[in-house]
Amino acid sequence: MAAISREEVAHLARLSRLAVTEEELDRFAGQLDVILQSVARVGEVAAEDIPPTSHSVPLTNVYREDVPTPSLAQDAALSGAPDAYEGRFRVPRILDEEV
């Protein structure tokens with residue numbers, strides 16, 4: 001695989017709207033080249049007989065029965081609220097009326 005050039009890094013920087021200096025072009029070209037070589041090596045190692053996986057170990061979901069249980073009464077839930085109105089939490093308005 002050919003090394004990534006300074007011109008390609010400059011082109012990528014322009015597309016990304018990043019301002020880079022001449023020194024950064026040299027540094028980024030070297031760094032991107034290492035990254036691309038690493039990705040190419042992984043591609044060489046990947047074998048046809050190995051199925052793609054999303055996790056290195058098998059995952060299993062642990063389900064439990066959804067059993068309703070008693071919860072806080074409305075008064076108890078609102079007891080610590082700084083401001084309550086008609087059985088609900090009252091909070092400051094954050095949006096204007098206009099939509």
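The values are calculated or read from the model by the stated rules, or taken from the named source; none is laboratory data. As the structure is a computational prediction, the values presented were derived from the model and not from experiment. Cβ sites come from the backbone with ideal geometry, for glycine too, and all protein chains shown count toward neighbours. Quick note on the areas: whole protein, heavy atoms, side chains included, nothing else; ligands and nucleic acids left out. Shrake-Rupley method; radii C 1.70, N 1.55, O 1.52, S 1.80 Å.
Assorted remarks:
- Helix 22-45 and the longest principal axis of the Cα set of the chain meet at an angle near 80°.
- Accessible area of region 13-99 belonging to carbon and sulfur atoms, whole % at 1.4 Å probe: 57
- Bins of 10 Å, starting at 0 and running to the largest distance - Cα pair percent for the chain: 10, 17, 12, 14, 15, 23, 9
- Using alpha-carbon coordinates, inclination of helix 6-15 to the longest axis of the chain, degrees: 30
- The longest stretch of the chain left intact once loop-based GluC sites (Glu not before Pro) with at most 10 other Cβ atoms within 10 Å are removed from consideration, loops following DSSP, is 1-47.
- Helical content of the chain, expressed as a calculated mean residue ellipticity at 222 nm, amounts to -12500 deg cm²/dmol (DSSP H runs of 4 or more residues, -39,500 (n - 2.57) each, divided by residue number, nearest 500).
- Loop-located trypsin sites (Lys or Arg not before Pro) in region 48-99 (DSSP state other than H, G, I, E, B) with a sparse environment of at most 13 neighbouring Cβ atoms within 10 Å: Arg64, Arg90, Arg93.
- Given charges at Cβ of Lys, Arg, Asp, Glu: the chain dipole, positive-most of Ala13, Val67, Pro52: Val67
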